[in-house]
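Below: one structure, written as structure tokens.
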Amino acid sequence: MGKKRVPRLNSLEWLDWRFPTEDSARQLFERLVWPDGPHCPHCGSAEAWRFRDKGRISRPGLYECGNCAGQFTVTTKTPMHATKLPLKVWLRAIYLILFSSKGVSSVILGQQLGVRQSTAGVPKNLLARCCRMTISPSCGATASRSSNIPDPCR
Ligand SMILES: [Zn+2]
């Protein structure tokens, strides 16, 4: 008793256990998008730091570019930015879409994510478009499981 059970690896339960907060999900996206540290999406500069407002560090995840002075987060200029969905929801959506062998409907996705079907359709359609462009024509589990995707959780 008292000892926390570790969920089965690479399950949805594991995902929630490993990335329980919005902050932890954001940090994962930051490691994936910026493996070498933050890059400004406005000008491409790697000279960036946590944004400070009147000397105080602002909300986590907000950066400022040392070159163009633009502010940005890991989702700036990505399709995720406009949706206003929490990154935890995006993480779950990506997991469910990539690891479902037969595809997942917006209805099921909405139930699993705890959002309306119309809201769940947004990440589904965006990811489907991205997959067609970059991963494979099918974007199935075969493609994602067989490729050697580095473990971002190390
Ligand atoms: Zn910049």
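Quick note: the coordinates plus some simple rules give every number you see, no bench work behind them. Everything quoted here is computed from the prediction, not taken from an experiment. Cβ coordinates were reconstructed from backbone atoms using ideal geometry, including for glycine residues, and neighbour counts include every protein chain displayed.
Things to note:
- Part-to-part distance (alpha-carbon centres) for the range 86-122 and the range 1-65, which is given in Å: 20 Å
- ³J(HN,Hα) computed for each position of the range 7-24 - Karplus, 6.51 cos²θ - 1.76 cosθ + 1.60, integer Hz, glycine/proline x: x, 4, 4, 6, 10, 4, 4, 5, 4, 5, 6, 6, 10, x, 10, 4, 4, 5
- Backbone N within the range 56-79 under 11 Å of label point (7 Å from CYS43 Cα along the Cβ vector): 65-71
- Computed extension length for ASP36-CYS130: 31.6 nm, one decimal, from 0.36 nm per residue of separation with the Cα-Cα distance subtracted.
- In this label model, LYS54 and VAL107 are separated by 5.3 nm, measuring between points 7 Å along each Cα→Cβ vector.
- Added length on full extension, which subtracts the Cα-Cα distance from 0.36 nm per residue, LYS84 to ARG8: 24.4 nm
- Eligible lysines near LYS77 by straight Cα distance, threshold 21 Å, same-chain separation 8 or greater: LYS88, LYS124
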